[in-house]
Structures are given as structure tokens and as C-alpha cells.
Amino acid sequence: MECLITAFEAKHDFVEVVERKGLGHPDSICDALAETLSRNLCREYRNRFGAILHHNVDKALLYGGRSAPAFGGGSVVEPITIYLAGRATTEVGGERLPIDEIAVEGSRAWMRANLHALDVEQQVRIHPLVRPGSQELQQLFRRGRKRDHPAWGEDVKVMGVRCGTTVRLTVACAMIGRYLAHIDDYLAEKAAIARLADELSVEHGFSAADVSVNAADCPSMNTVYLTVTGTSAEAGDDGQVGRGNRVNGLITPCRPMSLKAVAGKNPVTHVGKIYNVLAYDIAQTLVATVPEIAAAECLMVGQIGAALHEPAMFQVRLATRDGAPVDLLAPRAREIAADRLARIPELVDDFVAGRPEVF
């Protein structure tokens, strides 16, 4: 189907709300571990059999533990429990694959690399629950400041509310007790986060920013957002795949977005995963490479049984600068859209390599 190019006015409401969950948020952990498992399965399938076999391992659940945080230390009383569930090809020609080992070791490796205060061996329990799929299916906000502030945990959540050209940012950041001797250290780190958020607001063109960090704190009652590991998962905050960031890294209820959970889905056959990443790439490329385009939105709908490069509906909406006519930009937009469709086989390799972020 030829890509439909239509116009829209990039005039957003006076008020807009956007949210971002950090890597240490329980929902983000689930997304990351599901996608890591899918990626590692793809590599194992290719190494053993030369092709990516059927799998969808997108049903991850994190059951929060219990902890006793304290300035200067603290302890995890009951570990975090993670369940990795889904369907995957577990045996080919009598050769069984070590699915459980792949799931557990891959998850531990990701958490070691991304959650710097978490003791993966002692503070986490991982239960792989991956079974073979049906026979029919088998056939068919980051910024490098953590090293300077080890007290900042990876469980960060930012809620932004824009009113015209001003923005109100509510930041929740799990602080790590072992790096804070007393409450004054904690308050100093909160102030550093507020300064960083204010700097970023100015960098992104906002005339004013109202920043609140760990708003539920009550220092006079010694009630602050203190953790042992840097994630709220240690003390009862649970997580699940698909409840966090979309493919663009944000939760944007005021703008078009998909509710599809893509982490852990098969990168060869799952239309929802492929089209989500593709649509975001097309819109982003249009705005970045065509000066006359102020904003772009892309809609892609698949048809069961149809080839991936033949979407049932393919629409690109453009908002232009200074009244530039959409008709004159349509050929370039179609060229970019067609190029991205033709690159779908390469996109599979990108997924396996972990290049496109999906949460």
C-alpha cells in the first residue's frame, strides 16, 4: 500500500503531561529483562540453527521484596522475585536449548550492568517460566551523571506538566543509604538533582521551571526516599512488562502513542514490535532531515498473513513551517518511508544487537 501523506496543524494544548520511568523502575526492569531474554534467544538460535526461531517472552513480572534502608547502610530483608514467562522453541531435532540458563544469566548480567547498588546474587531471585509454543506458531532520560553521584539510584521517575512555555517537573529518585552519612547529605543530593532538572529545562527552551524532588519527603519526621539498592523494587513496588515507557522512551497521553508492549516480542514476526519502532524512526527522521517539517506522526497497521513490508494502513501526517505545502514534501516523505520499510530485514539485526531502545 502506498504511504498516505496528509497535513495536520502542530498546535498542542496549552497544558501537556509527559512521564518517563528510569531503568531502575520495576516496570522498566521487567521491560529490560524481557527484551534481553528475547535478544539472547535470537543469538542462541542463530548460533545453533542459523535462524531466529519462534518465541515471545514478554510476560515478565517483578514481585517486590522487603528492605530496611538506613543512612550509611541498610539491608534487604526479603529478596526481589522476578518471573520470566512466555513461549519459545526449546528443542530442535532432539537438541534441547538451555532456556532457563539463558534467562537467568542474561537477567543477572543486565542488572549488574545497570543497577549499581543491587547485589544480584543475594538480593534477587529469578524464576524462568518459559515453555514451548504451539506447533502452529512455531511453523508460521539518560544522562551520564551517576558516577558523580553514586547516591542516586537508577529508579527515577519524572513527570512533566507543561503550561505554555513553562514546565513543572516532579522527580522521584531512589537514594542509596550507603552513600549518605546523614540527612544533610540526602538533602544536598536532592538539591543537586533539582539543579540538573532546572538546567535541562533551560537547555530545552523553557522560560521557567518549577522542580520538585522526592515530594513526599518529610525530613523533620525522618521520612525520606531512602533505599538499599537504588530501586523501589526492594520494598514492595512491583513491576510488569508494558506498563512503562513506550518505544519513544516516554509516556505521552496527550499525543498519539501505541499501548502495545513490545519488549520481549519476536523481532522477526511480531508486527506490533516492528511497526512501533519503524513508525517512530520514520517520524523522527522526517523532522531531523527535512527543514520544512515542524512535526510528523506515523500510523502503521498490519494485516495478519500479509508481508511486513505491505502494511494494511500506512499514513504519515506532516505539520510544516511557514506554510510550506505538504504536497511538495510528500515525495521526500514517501522516499524516507519506503526506505525504512525496505530496511526491515536489517532492523532484525539491530534488535538482536540491542540498538533500538524499546522502552
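Residues in segment 167-177: is at least one touching a Pro at 6+ places or on another chain (Cβ under 9 Å) and farther than 18 Å from G22 by Cα? Even if it seems obvious, please write down each step before you answer.
Initially, segment 167-177 is screened for residues touching a Pro at 6+ places or on another chain (Cβ under 9 Å), giving 175-177.
With the extra rule that they be farther than 18 Å from G22 by Cα, the set shrinks to 177.
Within segment 167-177, one or more residues are touching a Pro at 6+ places or on another chain (Cβ under 9 Å) and farther than 18 Å from G22 by Cα.
Can you list the helices (runs of 4 or more DSSP H) lying wholly within segment 259-359 that have 3 or more residues being farther than 25 Å from D27 by Cβ, at pLDDT 95 or above and out of contact with any helix residue (DSSP H, G or I) (no Cβ under 6 Å at 6 or more places or on another chain)?
Working: elements: 271-289, 326-342, 344-353.
By residue number, 271-289, 326-342.
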**Message:** Whether any residue in segment 190-198 is surrounded by 15 or more Cβ atoms within 10 Å (Cβ to Cβ) and within 30 Å of P79 (Cβ to Cβ) is what I want to check.
**Reply:** yes
**Message:** Which condition from (1) at pLDDT 95 or above; (2) part of a helix (DSSP H, G or I); (3) farther than 22 Å from G74 by Cα; (4) among the hydrophobic types (A, V, I, L, M, F, W, C) is the one that V171 breaks?
**Reply:** (2)
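So, G144, is that one surrounded by 15 or more Cβ atoms within 10 Å (Cβ to Cβ), under 22 Å from the mean Cα position of the chain (by Cα) and either of a type in the set (G, A, S) or modelled with pLDDT under 95 (or both) or not? Step through it out loud before you land on a result.
Details: surrounded by 15 or more Cβ atoms within 10 Å (Cβ to Cβ): no; under 22 Å from the mean Cα position of the chain (by Cα): yes; either of a type in the set (G, A, S) or modelled with pLDDT under 95 (or both): yes.
Judged against the criteria, G144 is not a match.
The values are calculated or read from the model by the stated rules, or taken from the named source; none is laboratory data. Only a predicted model underlies this, so the values are computations on that prediction, with no experimental measurement involved. With ideal geometry, Cβ positions are generated from the backbone for all residues, glycine too; neighbour counts draw on all protein chains shown.
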